[in-house]
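What follows is calculated from the coordinates using simple rules that are stated; it is not laboratory data. Keep in mind the model is a prediction, meaning the values are calculated, not measured. Here the Cβ is made from the backbone with ideal geometry for all residues, glycine too, and neighbour counts use every protein chain on show.
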Amino acid sequence: MSSTPLTLQAVRERIESATRVAGRPPQSVRLLAVSKTFPPEAVREAAQAGLRDFGENYAQEGLEKIRELSELALTWHYIGPIQSNKTRAIAEHFDWVHSIDRAKIAARLAEARGPWRSELQVCIQVNVSGEATKSGVVPAEAAQLAKQVAALPRLKLRGLMAGPEATPHGALPRRRFGQRREPRDR
Ligand SMILES: *Cc1c(COP(=O)(O)O)cnc(C)c1O
């Protein structure tokens, strides 16, 4: 038997206990499964276990899965770096884009989002750790970019995306996210 249902249950329990500690309703956290590098069958299995949201970081790989699994009505999130020659395909087939870090890319996505589809849900990616390997705007430029993105038609700005540096300690990522809260609210 597959381990997906068990893993999923463990993750849901962690979300529930973390939201309880934070005084938030558990439904205020949406679980996004990163399906990049996994085959369509793994996504199908995860969908059977109750997952609805999946994240991909290569346009081509994502598009193939979206096509193959279209009858499942899943919500697809683009979480990877965006090349300008891929903006049309991403805008046409994904529901969310988390990795906006340039106004030019946002404008191209807006232009390519078909009027027959709902608005593309987008996040600004912020490089909170300053690591050279990470994409994202520097924190000081996030507000300016957010203003530009919010002014575009066909896109709906939903928040910030950030990946703190890998560490075995919970305090650092919490601080990184905490530092973004006030700018996010603004
Ligand atoms: C790949 C990826 C993840 C998940 O990373 P794992 O190392 O697979 O756990 C999370 N966020 C983004 C933006 C990613 O590209």
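Tabulated data
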item	result
Value at 222 nm in deg cm²/dmol, rounded to 500, when DSSP H runs of n ≥ 4 in the chain each add -39,500 (n - 2.57)	-13000 deg cm²/dmol
Interchain or long-range residues, amide H under 5 Å from V97's placed H	Y78, Q121, V122, C123
Cα Rg over Rh - segment 3-147, Kirkwood	0.99
Proximal charge balance of V128 [Cβ under 13 Å; K/R count +1, D/E count -1]	+3
Percent of Cα-Cα distances greater than 18 Å, calculated over segment 70-186	51
Sum of side-chain charges, R176 neighbourhood, beta-carbon under 14 Å (Lys, Arg +1; Asp, Glu -1)	+3
Selected from P139, P40, P26 as most flexible by GNM, with the chain as the system and alpha-carbon contacts under 10 Å	P26
With at most 16 neighbouring Cβ atoms within 10 Å, loop GluC sites (Glu not before Pro) (DSSP) excluded, longest segment of the chain	1-118
Cα shape, segment 63-115, gyration tensor, a/c 1.5 rule	prolate
Partners for K147 among lysines (Cα-Cα distance below 17 Å; same-chain residues under 8 apart left out)	K104, K156
For segment 1-89, the fraction of alpha-carbon pairs in successive 10 Å shells from zero, as %	16, 41, 30, 13, 1
Gain on full stretching of the segment that runs from Q144 to A49 - 0.36 nm per residue minus C-alpha separation	30.2 nm
Neighbour cut-off at most 16 other Cβ (10 Å), DSSP loop, chymotrypsin sites (Phe, Trp or Tyr not before Pro), segment 96-178	W116
